[in-house]
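See below for the structure under consideration.
The values are calculated or read from the model by the stated rules, or taken from the named source; none is laboratory data. What you are looking at is a predicted structure, and each value in this text was computed from that prediction instead of being measured. Cβ coordinates were reconstructed from backbone atoms using ideal geometry, including for glycine residues, and neighbour counts include every protein chain displayed. When the accessible area is computed, the model is the full protein with side chains, heavy atoms only, and any ligands, DNA or RNA have been set aside. Shrake-Rupley method; radii C 1.70, N 1.55, O 1.52, S 1.80 Å.
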Amino acid sequence: MAASSSSTLFLSPSITRPQLSPTQISFQGLRPLTRSAAPSTKLSFTAPTTKRSSGVVRAELSPPLVISLSTGLSLFLGRFVFFNFQRENVAKQGLPEQNGVTHFEAGDTRAKEYVSLLKSNDPVGFNIVDVLAWGSIGHIVAYYILATSSNGYDPKFF
């Protein structure tokens, strides 16, 4: 008796599934959903609910518009407002020196400035380095605006 009861513990029960025709099987994602043979006749209708507003109108910021305007404003300020201030400070600082002599004059031939990168057809000399620097500042400001407005923080500077 003990031997027969222990052998039934290790046998897996067989599961029989009803045979379904392809018209009775529906797929959603990767799992098959089976429909019952008899269609359900119970239908329920609910009245559409109206959404009540609390009276607060909040506009959502468009990320491409914020990034474009912020970058454009930053490039404008860099070119027409801060350009002379920046160039005067760079000229005042001068080239880096070692023992009172610039690196190039001391014999380091690789310390010579790469002049063709700084050339531009702009009348004042706004070059690719300035565009990249002021454009990145504009992007940083734009992402700050988008991040703080999306989490509910109201900076009160608009």
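List of remarks:
- Residue within region 127-143 that is among the small types (Gly, Ala, Ser) and outside any helix (DSSP H, G or I) present: no
- So SER149, is it within 30 Å of VAL66 (Cβ to Cβ) and assigned to a helix (DSSP H, G or I): yes
- Pairs meeting the criteria (first residue in region 126-139 and under 10 Å from SER74 (Cβ atoms), second residue open to solvent by 30 Å² or more (accessible area, probe 1.4 Å), beta carbons under 6 Å, at least 6 apart or on different chains) are TRP134/LEU75.
- Flag if LEU118 is free of Cβ contacts under 8 Å to residues at least 40 places away in the same chain, over 30 Å from LEU61 (Cα atoms) and either of a type outside the set (S, T, N, Q) or touching a helix residue (DSSP H, G or I) at 6+ places or on another chain (Cβ under 6 Å) (or both): yes
- Selected residue [open to solvent by less than 60 Å² (accessible area, probe 1.4 Å) and either assigned to a helix (DSSP H, G or I) or modelled with pLDDT of 90 or more (or both)] from ARG87, ARG79: ARG79
- For region 91-121, a residue qualifies if it is of a type in the set (A, V, I, L, M) and exposed (fewer than 10 other Cβ atoms within 10 Å of the Cβ), and the qualifying residues are ALA91, VAL115.
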